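A quick write-up on the structure given underneath.
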Amino acid sequence: AKAGGRGTYVEYEPGMDADLQAKQQMKVSLRRALEKGELEVHYQPLVHLPTGRITTCEALVRWTHPEMGPVSPAEFIPIAEETGLIAPLGDWVLRQACKEATKWQPHVSVAVNLSPLQFRNRRLASDVRNILGETGLAPSRLQLEVTESVFLDGSDSNLRLLQELRQLGVKLAMDDFGTGYSSLSYLRSFRFDKIKVDRSFISDLPMSDESLAIIRAVAGIGRTLRITTTVEGVETETQLDAIKAEGFDEAQGYLFARPLPAERIPELIQTLHM
Ligand code: C2E
Ligand code: CA
Ligand code: CA
Ligand code: CA
């Protein structure tokens, strides 16, 4: 038990303490992981539906802890965000991804996820420009994926940063489209190059009329505004048929390929034709 106010004792809360402890532990090991090279970037293809060719590969960070084994980014990215480690981690992923993409056929782009916390860095655009310069990747081959949460926090300055990034010639994608409250209204604030419809709308297909109506509307918006439309999380042929019928430009999911280590990608680009 811990000492509370006025000489009382706070009840011991095993759940909370264990959680805090685990988080503290993970923060320490994550810092070490970054220094010791326990992190790796895997890549998952996005397939152009009319031709079946790979247009883009998305960089997804992987961590294998020496004792715990693989830790999901869904678990450690939030911790990196809370502890400020996201800045060096995000930098590292971006540099790694740009370097890797220079080895691919020149029509294939690389997509990198940016945390809204990386927008706290006022020099984000010049950092990106430097990484492109160092690695020699053409700016048009880099896509940055952000979620609408980038508009919630420091929205005006973040909007300016998005515009600066665009001026570099990189492409901007709105990730997890449809999961927030205002995905649609943010399309008015900033013209994204690409919309990625969240997996939750795809996993429902073809059973849910609601999901079908929503993805149909998104495909229509994309056509009207000339924004590339992508869906993530395609796992079955039935889902693929449904999104093809709606006229989506691209798709990503286990049906095509899982995220794979970098060395597997050049061959996949050569051979994958759906
Ligand atoms: P996300 O950006 O929405 O990435 C898509 C996630 O869906 C990835 O999970 C991917 O492996 C998974 N996925 C792809 N196809 C399928 C499918 O057909 N079925 C299912 N069930 N899942 C599929 P992952 O790699 O575990 O990443 C989870 C999240 O962690 C990402 O979601 C992204 O928000 C974040 N993340 C991953 N890498 C990075 C990074 O380098 N930087 C930042 N800031 N966030 C990252
Ligand atoms: Ca993403
Ligand atoms: Ca996504
Ligand atoms: Ca998602």
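The values are calculated or read from the model by the stated rules, or taken from the named source; none is laboratory data. Because the structure is predicted, anything quoted here is derived from the model rather than measured. Neighbour counts are summed over all protein chains in view; Cβ atoms, including those assigned to glycine, are modelled from backbone coordinates with ideal geometry. Side chains are part of the model used for accessible areas, which takes the heavy atoms of the whole protein and leaves out ligands, DNA and RNA. Shrake-Rupley method; radii C 1.70, N 1.55, O 1.52, S 1.80 Å.
What to note about this one:
- Farthest positive-ward along the chain dipole, Cα basis, beta-carbon charges - from A245, G37, W63: G37
- Hz values of 3J(HN,Hα) by residue in the stretch 80-95 - Karplus curve (6.51, -1.76, 1.60), Gly and Pro given as x: 4, 5, 5, 9, x, 5, 4, 5, x, 5, x, 4, 5, 4, 4, 5
- Between the stretch 56-83 and the stretch 117-179, the Cα center-to-center distance that results, in Å: 21 Å
- Computed [θ] at 222 nm, helices only, for the chain once each DSSP H run of length n ≥ 4 contributes -39500 (n - 2.57): -13500 deg cm²/dmol
- Shown for the stretch 34-189: the carbon plus sulfur share of the solvent-accessible area, taken with all protein chains present and a 1.4 angstrom probe, equals 51%.
- Radius 15 Å from Cβ of Y181, net charge of other residues (Lys, Arg +1; Asp, Glu -1): -3
- Note, ³J(HN,Hα) from phi for the stretch 218-234, Karplus 6.51, -1.76, 1.60, rounded to Hz, x at Gly and Pro: 5, 4, x, 4, x, 5, 5, 8, 6, 10, 4, 10, 10, 10, 10, x, 6
- Among residues other than I202 with Cβ under 10 Å from its Cβ, the summed charge is -3 (Lys and Arg +1, Asp and Glu -1).
- Computed from the C-beta positions of M68 and E235 and an R0 of 30 Å, the FRET efficiency is 0.65 to the nearest 0.05.
- Fully extending the segment from R53 to A217, taken as 0.36 nm per residue of separation minus the present Cα-Cα distance, adds 56.5 nm.
- For the chain, size of Cβ-based charge dipole, Lys and Arg +1, Asp and Glu -1, in debye: 1040 debye
- Computed 3J(HN,Hα) for the stretch 65-70, one whole-Hz value per residue from the Karplus formula 6.51 cos²θ - 1.76 cosθ + 1.60 where θ = phi - 60°, is 6, x, 9, 6, x, x, glycine and proline marked x.
- Shape class of the stretch 91-141 from the Cα gyration tensor (axes a ≥ b ≥ c, square roots of the eigenvalues): prolate, since a/c reaches 1.5 or more and a/b is larger than b/c.
- Rolling a 1.4 angstrom probe over the protein heavy atoms with all chains in place gives the chain an accessible area of 52 Å² per residue.
- The Kirkwood hydrodynamic radius of the stretch 164-274, based on inverse pair distances between different Cα atoms, is 15.0 Å.
- Taking a straight line from the alpha carbon of K171, these lysines sit under 19 Å away, with near neighbours fewer than eight places off in the same chain left out: K99, K194, K196.
- Of S115, A125, Y186, farthest towards positive along the dipole that unit charges on Lys, Arg, Asp, Glu beta carbons give the chain: A125
- Relative contact order computed over the stretch 14-145 (Cα-Cα under 8 Å; 6+ residues apart), in percent: 22 percent
- Student exercise, the stretch 107-216 dipole from Lys, Arg, Asp, Glu Cβ charges, in Debye to nearest 20: 500 debye
- Cα-only radius of gyration and Dmax that characterise the chain, units Å: 20.4, 72
- Short-range pairs are left out: with C-alpha atoms under 8 Å and at least six residues apart, the relative contact order of the chain is 19 percent.
- Compactness relative to 2.2 N^0.38 Å, alpha carbon Rg of the stretch 29-100: 1.26
- Förster-model FRET efficiency, 41 Å R0, E82 and N130, C-beta, rounded to 0.05: 0.95
- Three principal axis extents of the stretch 74-220 based on alpha-carbon atoms, in descending order, are 48, 36, 31 Å.
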